[in-house]
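What follows is a set of notes on a single structure, which appears directly below.
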Amino acid sequence: MPSLVVIGAQWGDEGKGKLVDYLTAGADWVARFQGGNNAGHTLVVNGVKTKLRLIPSGILHPHTRCAMGAGVVIDPQVLRDEMAALGKSGVTVSPTRLFIDRDAHLILGYHVAIDRAREQRAGKAKIGTTGLGIGPAYEDRAARCGVRLADLTAPTELRERLQALVEEKNKYLTLVLNSEPISFDSVWASVELARAELLPFMANVSNLLEEASVHQQKIVFEGAQGTLLDQAHGTVPFVTSSNTIAGAAATGCGLGPKRIQYVLGVAKAYVTRVGSGPFPTEMEQATAHEVRERGAEYGTVTGRPRSCGWFDAVALKRAVRLNGLDGIALTKLDVLRGLPKIKVCVKYLLDGKELNDAPALASEYARVVPQYVEFDGFDEDLAGVTKWHHLPRNARFYISTLAEIVGCPVTMLSFGAERDSTLFSSQGAFEQNFMPQQGV
Ligand code: IMP
């Protein structure tokens, strides 16, 4: 069965978790390949909400095995708490179901302290990070001084290295960032916790997934954040610190790119953004408020209200290219119900000149003037719609025109949070290859 990667095609929070959960019903494996607990997925199954930040969404399907590749950064305490919370709601997270790559890096106390101190110091120029130490952990990976899961198997060596490292980090925290130092003992306590709680889950994820792939098992690669938050190709510098685009599934899990057969980009029928950075299609206040409340657009991890904007087709075209999208899963169309007009940005103007892509400088991105086309809205309730041709006419027109503008078919639609409020469009190939078994 073919494998697919599911990525966010906008600025994150597109509703990937629900789709991954849905698609993994027919999968053998689900694998996270980047990011850390800056991600937050809320899944609703049988009316019960489950919040996941690190563990792949497939954990709710008892037959699906879950992997966290080398590209993921892990806060040991957060992962431990998440396992405990799942346990309480009857989902057992055992080493026969969850596999963490030996090369995955840990987020330790000094990463969190540095992230927060830097943001505080930056004042208005802050990035608006989640403050969870994600950036500093990836920096240490690149600087070759990070702590991998495998390092926990050699504690004497690690302790010695960490003593010097904490000393260095404390100099940076106090002398450069004007902040408080962090105690070595608190860092070591996290290491001990990780040794006790996480080492049993250590695996060679690259090997396991390669074997699964050779045996024609289906793997769903679960992206976190979104394309426009990609460390290299997003709206730099207002981005996260990992590569969020589809290619990262291969590098983050240690597999060749040919192991992935389909790239699904998840996009909301509008756009949202948290944190700082340019956001050209931001809606006027009253509409944004309506959309935020109806769409429950508040961060899963930080609770921050998300800025809401009209669908940005220029940015989505970029996502189609950067990810090589085969199809789009369009989510939350129901939130737009009742709006008399729905706008879509089809062009940017910068100083009167038309751009055919997003500008590279944030200062220019902040100045672009979006050019919109307007669609008539729809009033019909989408609850219970299970067939493409039962969608309101205006909604169908909106979706098919979007697909045409961005040059990629909309292969899936999802409204609402429940698993069964998901439907496939008339793209037969996707249905045949990727649709979960009946009865799920
Ligand atoms: P960091 O990933 O905590 O370093 O935050 C960097 C930027 O990415 C900030 O603008 C965050 O708001 C944003 N960000 C990180 N994770 C998510 C997410 O899961 N959804 C939406 N935005 C995110």
Next item on the list: Mind counting the residues in the range 303-324 that are open to solvent by less than 60 Å² (accessible area, probe 1.4 Å), out of contact with any Pro (no Cβ under 9 Å at 6 or more places or on another chain) and in contact (Cβ under 8 Å) with a residue 24 or more places away in the chain?
Entry: 12
Margin query: Residues that are under 22 Å from Gly223 (Cα atoms), open to solvent by 30 Å² or more (accessible area, probe 1.4 Å) and modelled with pLDDT of 95 or more: does the range 103-122 have at least one?
Written below: yes
Check: Would you say Leu255 is more than 15 Å from the chain's Cα centre (by Cα), closer than 30 Å to Val30 by Cα, surrounded by 21 or more Cβ atoms within 10 Å (Cβ to Cβ) and assigned by TED's automatic domain parsing to the domain that holds Val20?
Finding: yes
Next item on the list: Please find, among Leu228, Leu175, the residue that is within 16 Å of the ligand (Cβ to nearest atom) and either assigned by TED's automatic domain parsing to the domain that holds Thr130 or not in a loop (DSSP other than H, G, I, E, B) (or both).
Entry: Leu228
Next item on the list: Would you point out which residue out of Ala137, Ala113 is within 26 Å of Asn178 (Cβ to Cβ), within 20 Å of the chain's Cα centre (by Cα) and assigned to a helix (DSSP H, G or I)?
Entry: Ala137
Notebook entry, point to check: Quick one: which strands (runs of 3 or more DSSP E) sit completely within the range 247-324 and have at least 3 residues that are farther than 25 Å from Leu349 by Cβ?
Noted result: 262-268
Checklist line | Residue list for the range 258-279, filter: open to solvent by 20 Å² or more (accessible area, probe 1.4 Å), at negative phi and within 16 Å of the ligand (Cβ to nearest atom) | finding: Val274, Ser276, Phe279
Notebook entry, point to check: Out of the residues in the range 401-415 that are among the small types (Gly, Ala, Ser) and open to solvent by less than 40 Å² (accessible area, probe 1.4 Å), which is modelled with the highest pLDDT?
Noted result: Ala403
Check: What are the residues in the range 23-58 that are in contact with a Ser or Thr (Cβ under 9 Å, 6 or more places away or on another chain), among the hydrophobic types (A, V, I, L, M, F, W, C), away from the ligand (no atom under 16 Å from the Cβ) and within 18 Å of Gly87 (Cα to Cα), if any?
Finding: Val44, Val48
Check: Could you list, in sequence order, the residues of the range 242-252 that are among the polar types (S, T, N, Q) and open to solvent by less than 40 Å² (accessible area, probe 1.4 Å)?
Finding: Ser242, Thr244
Item checked: Conditions (1) out of contact with any helix residue (DSSP H, G or I) (no Cβ under 7 Å at 6 or more places or on another chain); (2) modelled with pLDDT under 95: number failed by Leu52 -> (1)
Next item on the list: Working only within the range 34-70, note down all residues that are open to solvent by less than 10 Å² (accessible area, probe 1.4 Å), out of contact with any strand residue (DSSP E or B) (no Cβ under 6 Å at 6 or more places or on another chain) and over 19 Å from Thr92 (Cα atoms).
Entry: Gln34, Gly35, Asn37, Ala39
Notebook entry, point to check: Somewhere in the range 120-128, is a residue away from the ligand (no atom under 16 Å from the Cβ) and closer than 20 Å to Asn243 by Cβ?
Noted result: no
Next item on the list: Tell me, yes or no, whether the range 134-143 has at least one residue that is open to solvent by 80 Å² or more (accessible area, probe 1.4 Å) and within 16 Å of the ligand (Cβ to nearest atom).
Entry: yes
Item checked: Subset of the range 1-22 that is open to solvent by less than 10 Å² (accessible area, probe 1.4 Å), away from the ligand (no atom under 15 Å from the Cβ) and not in a loop (DSSP other than H, G, I, E, B) - its residue that is nearest to Thr302 (Cα to Cα) -> Asp21
Next item on the list: Keeping to the range 337-384, report how many residues are in a loop (DSSP other than H, G, I, E, B) and open to solvent by less than 70 Å² (accessible area, probe 1.4 Å).
Entry: 10
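The values are calculated or read from the model by the stated rules, or taken from the named source; none is laboratory data. In this text, all values refer to a predicted model and were calculated from it rather than measured experimentally. In this analysis, Cβ positions are derived from the backbone assuming ideal geometry, glycine residues included, and neighbour counts consider all displayed protein chains. Just so you know, the surface numbers come from the protein's heavy atoms only, side chains and all, with ligands and any DNA or RNA stripped out. Shrake-Rupley method; radii C 1.70, N 1.55, O 1.52, S 1.80 Å.
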